[in-house]
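Notes follow once the structure below has been shown.
The values are calculated or read from the model by the stated rules, or taken from the named source; none is laboratory data. This is a predicted model, so every value here is computed, not measured. Virtual Cβ from ideal backbone geometry, glycine too; neighbours counted across all protein chains shown.
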């Protein structure tokens, strides 16, 4: 069986603005001036995150709120894992501490 390699999203030029961009799952990520070293580094960073996420769409760090991430983790811990009640209580206290410092920002 041959392995078919999935192509990565392309580094593109937005002609009207002269900026580089990459489109992932319909969303455009602007990278900086087309052809610049900085835009190539940003492209590499975004593509690395995309590949690390299983070639699926991802949220930028700006859009994920800490409290939402905590809720998702607690749902996962409750439904997907067989943790003891003591561990869940300890984790809830630790995550409450984390939310007090970084949540709602």
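Some observations on this one:
- Residue count for the stretch 1-28 under the criterion of being assigned to a strand (DSSP E or B), modelled with pLDDT of 90 or more and surrounded by 12 or more Cβ atoms within 10 Å (Cβ to Cβ): the result is 7.
- The set of residues in the stretch 71-88 being in a helix (DSSP H, G or I) and surrounded by fewer than 10 Cβ atoms within 10 Å (Cβ to Cβ) consists of 79, 85, 86.
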